[in-house]
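Note sheet for the following structure.
The values are calculated or read from the model by the stated rules, or taken from the named source; none is laboratory data. From a predicted model like this one, the values you see are computed outputs, not experimental measurements. With ideal geometry, Cβ positions are generated from the backbone for all residues, glycine too; neighbour counts draw on all protein chains shown. When the accessible area is computed, the model is the full protein with side chains, heavy atoms only, and any ligands, DNA or RNA have been set aside. Shrake-Rupley method; radii C 1.70, N 1.55, O 1.52, S 1.80 Å.
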Amino acid sequence: MKWIVVVLTLACLTGGCVTLTPLQHDAVVDVQHFADATTATYKLAPIRLTIEPATNLGIGGRYRQGNFYLNETQLNSSGRDALVAHELAHYVLGHDSLLSGAATRAEAIRMQEVRELDANAKAVEILVRVKGLSERQALTMMVLYLRGAMAYQTRTGSPNPQGHRPVAEEIADLQARFP
């Protein structure tokens with residue numbers, strides 16, 4: 001229980017104080033258990049979780065150099081575990097370094113797109129190994145999550161996030177990797 005206080009304190013310090021409901025507190029515990037189980041499964045150091053305040057930027061979560069940031073709006077969302085698995089996949093895959101090997105900005109964007117596709121696929125594996133889902137269940141969860149992202153973009157007129165291919169292409173890539 002002590003670690004939950006650390007997580008919530010960290011959320012206040014780094015993301016502006018986030019006031020969470022009891023249901024959201026329970027979700028933070030679930031997400032932290034998922035993260036801890038993932039790092040144990042892959043024999044990695046624990047990952048730092050920070051809950052960020054809600055924004056209208058359409059960013060549910062992000063991974064940066066050993067830190068996982070989750071938007072508070074995602075804590076009780078239907079796609080939470082898929083999103084968390086995707087961000088944890090970046091950690092498992094070692095996506096910490098900058099894309100310094102790219103000769104041009106276009107090449108850096110292409111390399112980031114490949115990282116995102118790889119993270120989608122690794123998320124399926126994480127959901128299987130850590131959450132105990134069948135491969136089919138995990139793939140379905142990821143596809144539904146991506147379709148939700150596409151619906152959000154359509155509904156809000158949001159552009160495709162930089163570094164991501166259009167959602168339909170990400171889904172097609174994922175389905176090709178898990179026929």
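Residue-wise test of (1) out of contact with any Cys (no Cβ under 9 Å at 6 or more places or on another chain); (2) over 22 Å from Val92 (Cβ atoms); (3) part of a helix (DSSP H, G or I).
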{"residue": "Leu133", "(1), (2), (3)": "yes, no, no"}
{"residue": "Arg136", "(1), (2), (3)": "yes, no, yes"}
{"residue": "Thr154", "(1), (2), (3)": "yes, yes, yes"}
{"residue": "Ala168", "(1), (2), (3)": "yes, yes, yes"}
{"residue": "Gln175", "(1), (2), (3)": "yes, no, yes"}
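For segment 23-129, please list each of the strands (runs of 3 or more DSSP E) lying entirely inside it that holds at least 3 residues being open to solvent by 60 Å² or more (accessible area, probe 1.4 Å), at pLDDT 95 or above and charged (D, E, K, R).
Filter on segment 23-129 gives an empty set.
To keep it simple, each residue is scored yes or no on (1) open to solvent by 50 Å² or more (accessible area, probe 1.4 Å); (2) in contact with a helix residue (DSSP H, G or I) (Cβ under 7 Å, 6 or more places away or on another chain); (3) within 25 Å of Phe34 (Cα to Cα).
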position	(1), (2), (3)
Leu133	no, yes, yes
Met141	yes, yes, yes
Leu144	yes, no, yes
Tyr152	yes, no, no
Pro161	yes, no, no
Ala172	yes, no, no
Arg177	yes, yes, yes
